[in-house]
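Below is one structure; the comments refer to it alone.
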Amino acid sequence: NVDLVSFFILVNRFSPRPTSARETSLIPFPSKELFEDELGGFDLLVFQNFNPGPYQTREYLPNIAQFVRDGGAFVMIGGPLSYTAGGYYGTPIADVLPVDLPSGYGGDSSLDTSEYTPRLTESGAFHPITRLALDPSVNKTLWRDIHPLEGANKVTRAKEDAVVLVEHPDLTGADGKPMPLVAVREVGEGRSMVVGTDSTW
C-alpha cells in the first residue's frame with residue numbers, strides 16, 4: 001500500500017502574471033503539520049524544484065535532516081528553485097545530500113541550461129534505480145541512446161560515501177571529476193538521493 005501526500009505550487013515567481021502569496025494555493029502550505037507533527041509517519045520525502053523560503057518551511061529543515069538520519073528517505077529533484085538556486089547551501093539538508101553544493105544563493109551561476117545526454121556510470125549500470133534492462137550491455141545501450149536532457153543544477157562534487165549513478169558528459173566538479181547528476185547515499189539509518197535536473201523523462 002502506498003499513501004501519497006502531495007502539495008503542488010501552481011503559481012510561482014516564474015508565472016507571467018504577478019501574484020501575491022495568498023493566490024498561490026487553495027490552502028496555506030501545511031509546514032508544521034508535515035515537517036513536525038506528521039514527519040515520522042512518512043517513509044520518503046521528495047522536494048521537486050522546491051524553494052523552502054516562501055512557504056515557512058526553512059525552520060523545519062533540521063527536522064527533515066534528522067528524519068533522514070533516523071531512517072527516512074529524502075530525494076531532491078533539481079530545477080531553478082532547488083539546490084543552491086533554492087537556497088539550500090549551508091542548511092541541514094545540504095549535510096544529508098549525496099553531493100556538496102556550491103556556495104551562494106540563486107542566480108544563473110548555479111544552473112546550466114544547455115542540452116546534453118546524461119552518462120551512466122559503472123555503478124549506475126548495475127543499480128536498480130538506473131537499470132532500464134536486466135542485461136547490463138542492453139542497459140548501457142539504452143542510456144547511450146536516451147533522449148537528451150535540458151538544464152542541470154551545478155554541484156561541487158559527490159560526497160566520499162555517495163554512489164554516483166549518472167554524470168554530466170561535459171561539466172566537471174571542483175575535484176575535476178564529471179559532475180554528478182544522479183547520486184545516492186546512506187545517511188545514518190536513512191538514505192538520500194539527488195536528481196540534478198527537472199527535465200527527466
(request) Within region 56-68, track down each residue that is over 17 Å from the mean Cα position of the chain (by Cα) and either aromatic (F, W, Y) or open to solvent by 80 Å² or more (accessible area, probe 1.4 Å) (or both). (result) Q56, E59, Y60, Q66
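Tell me the residue from R69, R131 that is in contact (Cβ under 8 Å) with a residue 12 or more places away in the chain and at negative phi, please.
On the way: R131 fails: in contact (Cβ under 8 Å) with a residue 12 or more places away in the chain.
None of the other options fit; the residue is R69.
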(message) I'd like the full set of residues that are closer than 21 Å to G188 by Cβ and either open to solvent by less than 10 Å² (accessible area, probe 1.4 Å) or among the aromatic types (F, W, Y) (or both), limited to region 82-123.
(response) Y88, I93, V96, L97, P98, V99
(request) Please indicate, with yes or no, whether at least one residue in region 78-89 is within 14 Å of the chain's Cα centre (by Cα) and without any contact (Cβ under 8 Å) to a residue 12 or more places away in the chain. (result) no
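Output the number of residues of region 124-154 satisfying the condition of being outside any helix (DSSP H, G or I), of a type in the set (V, I, T) and open to solvent by 10 Å² or more (accessible area, probe 1.4 Å). Steps first, please.
In the first step, residues of region 124-154 are kept if they are outside any helix (DSSP H, G or I); the result is 124-135, 145-154.
When the remaining residues are screened for being of a type in the set (V, I, T), the result is 129-130, 146.
Checking the rest, the ones that are also open to solvent by 10 Å² or more (accessible area, probe 1.4 Å) come to 129, 146.
Counting residues in region 124-154 that are outside any helix (DSSP H, G or I), of a type in the set (V, I, T) and open to solvent by 10 Å² or more (accessible area, probe 1.4 Å) gives 2.
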(request) Kindly provide the set of residues from region 57-80 that are within 18 Å of S6 (Cβ to Cβ) and modelled with pLDDT under 90, ordered by number. (result) T57
(request) Give just the number: which of (1) touching a strand residue (DSSP E or B) at 6+ places or on another chain (Cβ under 9 Å); (2) assigned to a loop (DSSP other than H, G, I, E, B) does G90 not satisfy? (result) (1)
(request) Could you grab me the full set of residues in region 164-197 that are acidic (D, E), modelled with pLDDT of 95 or more and surrounded by fewer than 20 Cβ atoms within 10 Å (Cβ to Cβ)? (result) D170, E186, E189
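Could we say that D161 is in contact with a strand residue (DSSP E or B) (Cβ under 9 Å, 6 or more places away or on another chain), closer than 30 Å to F42 by Cα and open to solvent by 50 Å² or more (accessible area, probe 1.4 Å) here? Spell out the reasoning first.
Numbers: in contact with a strand residue (DSSP E or B) (Cβ under 9 Å, 6 or more places away or on another chain): yes; closer than 30 Å to F42 by Cα: yes; open to solvent by 50 Å² or more (accessible area, probe 1.4 Å): yes.
Taking the combined requirement at face value, the residue satisfies it.
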(request) Output the number of residues of region 54-87 satisfying the condition of being of a type in the set (G, A, S), in a loop (DSSP other than H, G, I, E, B) and closer than 19 Å to K32 by Cβ. (result) 1
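The values are calculated or read from the model by the stated rules, or taken from the named source; none is laboratory data. In this text the structure is predicted, and so the values were computed from the model without any measurement. Cβ: placed from backbone, ideal geometry, glycine included. Neighbour counts: every protein chain shown. Just so you know, the surface numbers come from the protein's heavy atoms only, side chains and all, with ligands and any DNA or RNA stripped out. Shrake-Rupley method; radii C 1.70, N 1.55, O 1.52, S 1.80 Å.
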